[in-house]
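Worksheet for the structure shown next.
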Amino acid sequence: MSEPRRIAVSRDEDVVVARQIGRALATEIGFKGSDLTLIATAISEVARNIVVYAKHGDITLDIVEDRGRRGVCVVARDEGPGIPDVEKAMRDGFSTGGSLGLGLPGARRLMDDFEIVSQVGVGTTVTMRKWTTRS
């Protein structure tokens, strides 16, 4: 199994790199077709949030195993302004940045597991996993 990959994120080019590495890891463990697109899109959403709201942070990508399943784990961390109301931010259409407000709720729908921890003035950590079917 490969080592976790950490990608520093501070500009649009870093979003592309994170997406490409995530897609490659997912391919390595057997994801195909639309699942690869779902994973890459979820990575893009959380990475773009880092660029837009926190200005810099990082994404760690790893292959994980649990009860006979393999998956891709994505952890997006920043030390940005934090999210004052996580529950509200997870609703479709809510945005503080003038976007469509689909980023975080969209990423949650695309992945199997989704957790978010945020503290105003400290930053935000999003952890997401997508699992292959049991072997």
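The values are calculated or read from the model by the stated rules, or taken from the named source; none is laboratory data. Small disclaimer: the values here were computed from a predicted structure and weren't measured. When we count neighbours, we look across all protein chains shown, and the Cβ atoms used for this are built from the backbone with ideal geometry, even at glycine.
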Kindly indicate the residue of the stretch 49-61 that is part of a helix (DSSP H, G or I) and among the aliphatic types (A, V, I, L, M) and also surrounded by the fewest Cβ atoms within 10 Å (Cβ to Cβ) among those meeting that condition. VAL52
Selection count where residues are in a helix (DSSP H, G or I) and either aromatic (Phe, Trp, Tyr) or touching a strand residue (DSSP E or B) at 6+ places or on another chain (Cβ under 9 Å) (or both), scope the stretch 25-42: 7
Scan the stretch 92-111 and give yes if some residue there is at negative phi and at pLDDT 95 or above, otherwise no. yes
Checking the conditions here, which among VAL64, VAL72, VAL15, VAL46 is aliphatic (A, V, I, L, M), part of a strand (DSSP E or B), crowded, with 20+ Cβ neighbours inside 10 Å and touching a strand residue (DSSP E or B) at 6+ places or on another chain (Cβ under 9 Å)? VAL72
